[in-house]
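Okay, so here's the structure we're looking at.
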Amino acid sequence: MKPFTYAFVLLFALSSCGRNNATTPPTPADSLYFPPTTSNAWETTSLSSLGWNQSGAQPLKDFLAQKNTKSFMILVNGRIVMEEYFDGHTPTETWEWNSAGKTLVTAAVGIAQQENLLNINTRVSQYLGTGWTSQPIAKENLITSRHLLTMTSGINDASELVIVSNLTYLADAGTRWSYHNVFQRLMDIVARTSNQSYEAYFTTKLKNKLGMDGFWNNGIIFKVYHSNTRSMARFGLLALNKGKWNNEQIVNEAFFNESITSSQSINPAYGYLWWLNGKTSYMVPGSQRVFQGALVPSAPSDMYAAMGAKDQRIYIIPSKKMIVIRMGNASDPANPNFAVSGFDNALWEKVNAMIK
């Protein structure tokens, strides 16, 4: 046999040996899956393939039905593990996100910043002009877009209606955390800096890229996004992958990581309009009280979440490569507007019984 032949055989043997000793590559089910943006097709996986407790599924469904749920989904690695609809709701029917949709605004702001249309550390008056509040100019000029993203504008929160006469001074920007609908001025900033409506910018830069359906509707006090359940899950998948959809980085990863990190020390359970679990303390809308412990004690500590009134939820759990979606009416009709409620803890107790 010729020398080069011996060399080829030896090289092949060594490479084969190396492959045999290498770490086994992940199976397709372990890879992160993204559904096509041009159809509603979606891969699924079973409870049994994940080694989950199948006997826990029915108690979870019963709980969801009792708590006025319209739809519920669990995804692992982007694949649907559970998809349930209740009370006549259908997969194609839209539902309100309420304040869970604030995180859509965060994403749009992040995209606008990476396109150099704005900078979140620039004062809001540079984009909207002076007099966008009723504060003294010196106090108004302290407020940046970052303060709107973090709920630390210092604007009086006595009224949720965002009109100039209501936007009065209460504290210097950055010194007080208070849940306030003034965040919607971020939509105005995106619109002004992109020279188009916020809805048009959002549709082109985010909605269409994910294959979402849905629309922004003028609510009583701010614009509210409506979509079907799978569209909410699509955004959840973008969030799980830190702003990247398939091979395209739609939201800058560094900005997204900022969004899901404690944005200030007053309420460490709050990022850029995202709620964060596993922190030492938290505050809730409508109160200045500081509660000790995690936001949702029964949920994984690394969870971050989009939370809206009437218990609209997107829970993201990176350690489990998991997304949980809940849409519906308020679990407690007597307390419909509380963005963080006891429902979260009770739900996660049911989910834990199935996934552990």
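Values quoted throughout were computed directly from the atomic coordinates according to the rules given, and no laboratory measurement underlies them. Predicted, not measured: the structure shown is a model, and the values here were computed from it. Cβ sites come from the backbone with ideal geometry, for glycine too, and all protein chains shown count toward neighbours.
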Going by alpha carbons, how many degrees (0 to 90, nearest 10) lie between the helix axis of 342-355 and the longest principal axis of the chain?
0 degrees
Hey, rough spin-label estimate for residue 334 and residue 32, points 7 angstrom out along Cα→Cβ, what's it come to in nanometres?
4.3 nm
On a 0 to 90° scale, report how tilted helix 102-114 is relative to the longest principal axis of the chain, with both axes built from alpha carbons and the result rounded to the nearest 10.
80 degrees
Give the share of C-alpha pairs in each 20 angstrom bin for the chain, from 0 to the last occupied bin, in whole percents, shortest bins first.
29, 53, 14, 4, 0
Partner aspartates and glutamates for residue 223 [C-alpha distance under 20 Å; skip if fewer than 8 residues away on the same chain]
93, 96, 157, 160, 188, 199, 213, 311
To the nearest 0.05, what FRET efficiency results for residue 44 and residue 221 with a Förster distance of 35 Å applied to their C-beta separation?
0.35
For the chain, find the longest principal axis of its Cα atoms and tell me its angle to the long axis of helix 229-240, 0 to 90°, nearest 10.
80 degrees
Are any of the pairs 102/209; 139/242; 67/244; 139/310; 139/244; 61/209 more than 30 Å apart by Cα-Cα distance, and if so, which?
139/242; 67/244; 139/310; 139/244; 61/209
The equivalent-ellipsoid semi-axes of the range 200-356, taken as the square roots of five times the Cα gyration tensor eigenvalues and listed largest first in whole Å, are 24, 19, 17
May I ask you to list the aspartates and glutamates whose Cα is less than 18 Å away from that of residue 321, ignoring any residue fewer than eight positions away on the same chain?
30, 43, 83, 253, 302
Over all Cα pairs of the range 223-279, how is the pair count split among 10 Å bins, expressed in % and running from 0 up to the last occupied bin?
22, 42, 33, 3
Simple spin-label model, 7 Å along Cα-to-Cβ: residue 66 to residue 192 in nm?
5.0 nm
Starting from 0.36 nm per residue, how many nanometres of slack lie between residue 319 and residue 184 once their C-alpha separation is accounted for?
45.4 nm
Under the 7 Å Cα-to-Cβ spin-label approximation, residue 280 and residue 116 lie apart by a distance in nanometres of 4.1 nm
Overall dimensions of the range 16-169 as given by Cα atoms, namely Rg and Dmax in Å:
23.9, 75
How big is the charge dipole of the chain about its Cα centre, in debye rounded to the nearest 20, if each Lys and Arg gets +1 on its Cβ and each Asp and Glu gets -1 on its Cβ?
620 debye
